[in-house]
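Some notes on the structure that comes next.
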Amino acid sequence: MAAFSRQLADLLKVGVTINKALATLAVETPNRDFAAIITDIKADVSGGTRVSEAFEKFPKIFSPLYVNMVRAG
């Protein structure tokens, strides 16, 4: 989770869109189950869902604290 968060933040800092960042992380993530979750999140975000709401759909992966920190950001 720490690596995912750091990599996502780095991509966003350099101006990569959230959709492209999530697509990149899904491809680069060695864990296929987590890659599938990232792909689902990307699909939701592409469809207009807020990132925090997309993360919230996976409470075993993204804790309420994590979701609320994303929502606040």
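The values are calculated or read from the model by the stated rules, or taken from the named source; none is laboratory data. Because the structure is a prediction, the values reported are computed rather than measured. For neighbour counting, all protein chains shown are included, and Cβ atoms are generated from backbone atoms with ideal geometry for every residue, glycine included. SASA here: full protein model, heavy atoms, side chains in, ligands and nucleic acids out. Shrake-Rupley method; radii C 1.70, N 1.55, O 1.52, S 1.80 Å.
Annotations for the structure displayed:
- Split the accessible area of the chain by element, probe 1.4 Å, and carbon with sulfur accounts for 58%.
- Listed by chain and number, the aspartates and glutamates whose C-alpha is less than 15 Å from the C-alpha of residue 60, apart from same-chain residues fewer than 8 away, are 33, 40.
- For the chain, the per residue solvent-accessible surface stands at 65 Å², with DNA, RNA and ligands left out and a 1.4 Å probe.
- The alpha-carbon of residue 57 sits under 16 angstrom from the alpha-carbons of these lysines, leaving out residues fewer than 8 places away in its chain: 42.
- Couplings 3J(HN,Hα) of the range 25-31, computed from phi: 5, 4, 6, 7, 6, x, 7 Hz, in residue order, whole Hz [Karplus 6.51 cos²θ - 1.76 cosθ + 1.60, θ = phi - 60°; x for Gly and Pro].
- Estimated from helical segments only, the mean residue ellipticity of the chain at 222 nm is -21500 deg cm²/dmol, where each DSSP H run of four or more residues counts as -39500 (n - 2.57).
- Dipole magnitude for the chain: computed about the Cα centre from +1 point charges on Lys and Arg Cβ and -1 point charges on Asp and Glu Cβ, it is near 100 debye.
- Of the Cα atoms belonging to the range 5-73, the radius of gyration and Dmax stand at 11.2, 29 Å.
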